[in-house]
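Peer 1: There's a structure below that I have some questions on.
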Amino acid sequence: MLVLLVGFMGAGKTSVGGALSRRLGWSFEDLDDRIQQREGRSIPEIFAETGEAGFRRAERASLSEVLAEAAGHRIVALGGGAFIQTENRAAIEKAGATVVFLDGPVEELYRRCEQEPKVRPLRRTEEEFRQLYAQRRPDYLRATHRVDTQGKDVERVATEVACCLGFA
Ligand code: S3P
């Protein structure tokens, strides 16, 4: 079974993925890490050198690789924009992956991003962050499951994700 965690920046995809992986004993990977390894440079460098379009190409290539890999129980956290791309969603559906949307109020997502050291080229002003979130939310809602993260810690969210996957 392949489980993909999606949602906006600051939703906790990476930390929840790690907690879920420990809980279920499944492997965990962050797609952004694979992109950086394949490209041999950081996400901010990819954006600076090739723009968002270059980053999306690299993201699509890494996602295709993940989807083509032999099955097994796996959890993969996608970057906030990956599930928004129509082509990626089609490939995910074709691969039969289960997609979990980690939802939360945009104020909380912004606050979490502020507290993290991760550099996010698409996190600019709070107003732009809100606009991008509003634009993307309908696509996140196409996921198989939605888990609300508001006011919850990582372990609690991981428990809820495990529940909706059928692991009590
Ligand atoms: C992006 C989110 C980032 C990263 C890249 C683009 C986006 O991942 O993939 O900076 O388009 O929302 P996180 O969602 O883990 O921050």
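Peer 1: In the list A77, A48, which residue meets the criterion of being within 22 Å of R146 (Cβ to Cβ) and touching a residue at least 24 places away in the same chain (Cβ under 8 Å)? Steps first, answer last, please.
Peer 2: Details: A48 fails: within 22 Å of R146 (Cβ to Cβ).
Selected residue: A77, the only one of A77, A48 that is within 22 Å of R146 (Cβ to Cβ) and touching a residue at least 24 places away in the same chain (Cβ under 8 Å).
Peer 1: Working only within segment 31-50, note down all residues that are more than 12 Å from the ligand (Cβ to nearest atom) and part of a helix (DSSP H, G or I). Steps first, please.
Peer 2: In the first step, residues of segment 31-50 are kept if they are more than 12 Å from the ligand (Cβ to nearest atom); the result is 37-41, 49-50.
Correct list: Q37, R38, E39, E49, T50.
Peer 1: Among (1) under 21 Å from P121 (Cβ atoms); (2) out of contact with any Asp or Glu (no Cβ under 7 Å at 6 or more places or on another chain); (3) basic (K, R), which single condition is R60 missing?
Peer 2: That leaves (2) as the condition not met.
Peer 1: Just wondering, is there one or more residues in segment 43-63 that are touching a Gly at 6+ places or on another chain (Cβ under 9 Å), surrounded by 17 or more Cβ atoms within 10 Å (Cβ to Cβ) and under 23 Å from V154 (Cβ atoms)?
Peer 2: yes
Peer 1: Can you work out which of the residues in segment 1-30 that are part of a helix (DSSP H, G or I) and over 17 Å from the mean Cα position of the chain (by Cα) is nearest to A97 (Cα to Cα)?
Peer 2: Only one residue fits best here, namely L24.
Yes/no per residue for (1) among the aliphatic types (A, V, I, L, M); (2) at pLDDT below 95; (3) in contact with a Phe, Trp or Tyr (Cβ under 7 Å, 6 or more places away or on another chain); (4) under 16 Å from L2 (Cα atoms):
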site: L78; (1), (2), (3), (4): yes, no, no, yes
site: R89; (1), (2), (3), (4): no, no, yes, yes
site: E107; (1), (2), (3), (4): no, no, no, no
site: R112; (1), (2), (3), (4): no, no, no, no
site: R123; (1), (2), (3), (4): no, no, yes, no
site: Q131; (1), (2), (3), (4): no, no, no, no
site: D139; (1), (2), (3), (4): no, no, yes, no
site: V154; (1), (2), (3), (4): yes, no, no, no
site: V157; (1), (2), (3), (4): yes, no, no, no
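Peer 1: Where residues in segment 88-115 are in a loop (DSSP other than H, G, I, E, B) and surrounded by 15 or more Cβ atoms within 10 Å (Cβ to Cβ), which of them is nearest to the ligand (Cβ to nearest atom)? Talk me through it step by step, then tell me what you get.
Peer 2: First, pick out the residues of segment 88-115 that are in a loop (DSSP other than H, G, I, E, B): 96-97, 104-105.
With the extra rule that they be surrounded by 15 or more Cβ atoms within 10 Å (Cβ to Cβ), the set shrinks to 97, 104.
Working: A97: 17, G104: 12 Å.
Among them, the one singled out is G104.
The values are calculated or read from the model by the stated rules, or taken from the named source; none is laboratory data. Everything numeric here is computed off the predicted structure, so don't read it as measured data. Note that we place each Cβ from the backbone using ideal geometry, even for glycine, and neighbour counts take in every protein chain shown.
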